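So the structure is just underneath, and the comments pick up after that.
FYI, it's all coordinate maths here, none of it is from the lab. Bear in mind that the values here come from a model prediction, so they are computed numbers and not experimental data. Every residue, glycine among them, receives a Cβ derived from its backbone with ideal geometry; neighbour counts consider all protein chains shown.
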Amino acid sequence: MNLVLLGAPGAGKGTQAESLAKVLRIPIISTGNMLREAIRTETETGKQAKALMDTGNFVPDELIISMVRERLSAPDCRGGYILDGVPRNLSQAQALESCGIHFDAVISLEVADAFIEARMTGRRVCPACGASFHISSHSPKREGVCDVCGERLVIRTDDAPETVKHRLTVYHEQTEALKDYYRRQGKLHLIAGERSIEEVSRDILKSLGMKR
Ligand code: AMP
């Protein structure tokens, strides 16, 4: 099954992708994590992306599309995948389609801006493996340490309050239009995201016709 997770920054896409990936046994393709890894390893892509990401702006579509195309051609994506953070605007959606990349379902996590702004201040991420935690709702077993790989958790530069506001504006201006686009294709599933991680996961699986 090829899935897309849509939603504002901080809506819980990363967390839901992790639990869906476990149930469905398919990989998560997160463009944000791929870009952060490119920055960490100082690749050409990372150099191009860093300043844009730090200020909450999008990196160029061409860079995203070639990165995603290459990743989706890997053998582990043959049985399906979960896209987290892409497509992020209409032109990316159309570019993927014209490369023959199609989705079975698009899940939009619906969370109000005020809720997101409050939630983002508690987010902690692993700089090594990309796992995402929250100090109150999804805390790691050992404070400040990644459950998955043991690395020290950090606050993302782009989770600063002013940057979060800007990212929400960019989401409303550019990404939200994708809901209509996929609704017209009959693929959109709206999921109320202001609930516990387990409740949201259960609803997503139910909307896909699966039970846990
Ligand atoms: P995320 O981890 O998905 O919130 O992404 C973090 C940042 O990476 C975004 O604010 C953008 O700067 C960049 N980014 C990730 N995915 C995309 C995309 N599909 N198109 C453009 N920029 C992206």
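Figures for the structure shown
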quantity	calculated
Computed P(r) (all Cα pairs; the chain; 10 Å bins; percent)	8, 35, 41, 15, 0
Where a label projected 7 Å from the Cα of ARG78 along Cα→Cβ would reach, residues of the stretch 8-45 with amide N under 20 Å	24-29
Fraction of beta bridges assigned by DSSP in the stretch 74-212 that are antiparallel (%, nearest 5)	55
Efficiency of FRET between SER136 and LYS22 - r from beta-carbon atoms, R0 22 angstrom, step 0.05	0.50
Linear extension gain, PHE115 paired with LYS187, 0.36 nm per residue minus alpha-carbon span	23.3 nm
Charge dipole of the chain about the Cα centre (unit charges at C-beta), most positive-ward option of ALA93, ILE26, LEU5	ILE26
GLN94-GLU143 pseudo-label distance in nm [points 7 Å out on the Cα-to-Cβ vector]	5.1
Helix-derived mean residue ellipticity, 222 nm - over the chain, DSSP H n ≥ 4, -39500 (n - 2.57), to 500	-12500 deg cm²/dmol
Inter-label distance, nm, simple model (7 Å from Cα along the C-beta direction), ARG152/ARG195	3.9
Computed lengthening from GLN48 to HIS172, 0.36 nm per intervening residue step minus Cα-Cα distance	42.2 nm
Unit charges on C-beta of K, R, D, E only; dipole of the stretch 9-111, Debye	220
